[in-house]
Amino acid sequence: MNFVYTGMLVIMTACIGNAAQAQAKTQLQAQSQTQTQSQPQTQSGHTNPWAPTDLGPLPPIASLTNGVWLKGELHLHSRHSKESSNNPIAKVIAFCKAVGIDYICITDHDNHVDGDVAHNTWADPEFRSDSVLLLYGAEWTTTRGHGNVFSASPYDHQRLYDVRDQRDIVIGAVKKELGVHLSANHPSGKDHFGYSYDIVNSIEVWNSAIWSKNANAIMIWDDMLSSGRKLTGRGGSDAHHGAPETPAQTTKNSYQAKANYIGTPTTWVFATTRTSQAVIDALTNGRVSVSSNPYAPRVEFYADLDQDGKMDMMMGDNAKATGKAVRFRVQLTGNTVPGTSYKVSIVKNGDPYDTLQTDAAGKIPTVEFTDTPATIGRTYYRVTVEGPSTPYPQVPGSAALSGNMVGLSNPIYFNFDPNF
Ligand SMILES: [Zn+2]
Ligand SMILES: [Zn+2]
């Protein structure tokens with residue numbers, strides 16, 4: 001019947017004027033509605049502009065095996081931040097080498113040098129390493145909060161500093177021009193990130209060894225994910241103080257070096273190659289997990305879309321939901337404690353979904369679960385893992401502060417709009 005009406009509309013629109021055309025259209029719509037009254041669908045013809053729609057094809061998922069896991073520190077202050085103590089860059093890099101940190105971004109406060117990090121932190125003769133990847137960056141320190149900038153090569157940080165009191169849209173344009181990764185720091189509490197999340201690529205969901213103080217940051221992360229942002233969660237110790245070389249160098253903050261220092265927490269990235277750019281790309285795309293320290297196990301989170309036993313995607317990846325059940329796998333890699341059961345808490349779309357325990361007898365602590373993401377609308381899953389703390393001899397007080405928190409994953413995404 002609909003075909004007939006459509007045909008009539010074509011004929012009528014061809015031979016009548018606009019007013020008559022509109023009237024004819026209304027009549028046809030009314031008739032059409034009468035025809036379909038028995039069906040349970042809307043009578044008004046109103047379409048909610050916010051209703052989820054089909055996204056069309058999404059970019060293919062990158063290889064799960066072609067890459068390297070690298071661990072790093074993304075929030076640290078050296079002597080170029082005025083309130084730091086006993087933390088020259090050479091000491092920072094030597095420490096990274098000693099504990100196996102692959103990459104680091106020294107994020108000194110830019111306001112301490114009026115934005116000129118290029119002639120301070122980056123120009124320091126100690127700012128070089130033959131083995132640790134050194135990212136270029138700074139802590140963008142403004143009256144509206146703090147953010148970290150990450151870049152594989154030097155960029156004009158002064159421009160970002162100068163624009164800090166402008167509107168978000170202006171800042172976002174400058175950031176885009178610079179081609180840098182911007183990350184929201186300690187998003188709740190003092191100096192919380194007070195700009196639009198439209199201008200950032202990641203969020204600090206685990207600041208310092210004190211895991212328990214990050215609950216509000218996690219809540220903000222879930223809110224941002226729920227709003228459709230594909231936003232990477234990362235860690236950062238925000239350490240300012242190194243251990244004094246001599247008793248005379250001890251400051252009132254020196255005790256912190258033994259409790260919160262490089263790697264508390266540690267951010268793992270699955271990079272395509274061992275380069276600074278690949279680290280930043282992995283951070284941006286979300287193939288990232290965070291562990292309590294460099295020796296703690298790494299959380300890996302995968303999904304098998306067609307249940308053929310082979311994993312097809314990992315955390316940070318975004319696929320179209322097919323309506324079929326998906327098999328998920330969480331595994332811990334590295335220094336796990338034999339004979340121990342780890343607790344895996346699964347969050348789905350910001351809400352607790354399930355809690356599973358790994359088999360204490362298993363060689364690699366693993367849990368699997370199955371769920372069917374909705375075909376229309378967004379779904380995300382992420383996990384946190386609790387269990388025994390891993391000793392960190394170089395920072396012996398940190399284990400007590402992170403407690404039984406082992407690590408967290410980034411989400412696996414379904415139907416997220418890459419053009420959000
Ligand atoms: Zn800060
Ligand atoms: Zn800081």
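Some values worked out for this structure:
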| item | result |
| --- | --- |
| Loop chymotrypsin sites (Phe, Trp or Tyr not before Pro), the stretch 118-173 (other Cβ atoms within 10 Å of the site Cβ: 15 or fewer; DSSP) | none |
| Share of carbon and sulfur in the accessible heavy-atom surface of the chain [1.4 Å probe, %] | 54 |
| Whole-Hz couplings from phi, Karplus 6.51/-1.76/1.60, listed for the stretch 176-191; x for Gly and Pro | 5, 4, 6, x, 9, 9, 10, 10, 6, 8, 4, x, 10, x, 4, 6 |
| Per residue accessible area of the stretch 201-342, 1.4 Å probe, in Å² | 36 |
| C-alpha long axis of helix 215-226 to longest principal axis of the chain, angle in ° | 30 |
| Nearest 10 degrees, 0 to 90: helix 89-99 Cα axis against the chain principal axis | 80 |
| Helical mean residue ellipticity (222 nm; -39500 (n - 2.57) per DSSP H run of 4+; nearest 500) of the chain | -6000 deg cm²/dmol |
| Most mobile of H109, H240, H192 in a GNM of the chain (Cα contacts under 10 Å) | H192 |
| The stretch 114-157 - Rg and Dmax from Cα coordinates, angstrom | 11.4, 37 |
| Of A259, A325, A173, the one that fluctuates the most in a GNM where the chain has Cα springs shorter than 10 Å | A173 |
| Paired Rg and Dmax values of the stretch 175-234, which use every Cα atom, in angstrom | 11.5, 37 |
| Antiparallel DSSP beta bridges within the chain, percent to nearest 5 | 75 |
| Value of Rg/Rh across the stretch 166-320 [Cα atoms, Kirkwood radius] | 1.02 |
| Where a label projected 7 Å from the Cα of D223 along Cα→Cβ would reach, residues of the stretch 248-292 with amide N under 13 Å | none |
| Neighbourhood charge, 12 Å Cβ-Cβ cut-off, centred on M311 and excluding it, Lys, Arg +1 and Asp, Glu -1 | -4 |
| Cβ-based net charge around D116, under 15 Å, with every Lys or Arg adding one and every Asp or Glu removing one | -4 |
| Residue of S402, S291, S226 that the Gaussian network model of the chain assigns the largest fluctuation, springs spanning Cα pairs under 10 Å | S226 |
| Neighbour cut-off at most 14 other Cβ (10 Å), DSSP loop, trypsin sites (Lys or Arg not before Pro), the stretch 219-254 | K252 |
| Span from the the stretch 195-220 Cα centroid across to the the stretch 100-177 one, whole angstrom | 19 |
| Cα radius of gyration and Dmax for the stretch 33-140 (Å) | 26.3, 80 |
| Neighbourhood charge, 14 Å Cβ-Cβ cut-off, centred on F150 and excluding it, Lys, Arg +1 and Asp, Glu -1 | -4 |
| Pairs beyond 19 Å (Cα-Cα), from K82/K176; K190/K213; K320/K348; K91/K258; K343/K363 | K82/K176 |
| Distance in nm between pseudo-label sites at Q166 and D354 (7 Å out along the Cβ direction from Cα) | 4.9 |
| At R0 = 56 Å, FRET efficiency that the Cβ-Cβ distance of D130 and A51 yields, to 0.05 | 0.55 |
| Over the chain, volume per residue of the alpha carbon convex hull, in Å³ | 185 |
| Long-range amide H partners of H146 with built H, under 5 Å | N185, F193, G194 |
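The values are calculated or read from the model by the stated rules, or taken from the named source; none is laboratory data. What you see is a predicted model, and the numbers here were worked out from it, not measured in a lab. Here Cβ is always computed from backbone atoms with ideal geometry, including for glycine, and neighbour counts include all displayed protein chains. The protein model used for the area step is the full one, side chains on, heavy atoms only, and it has no ligands, DNA or RNA in it. Shrake-Rupley method; radii C 1.70, N 1.55, O 1.52, S 1.80 Å.
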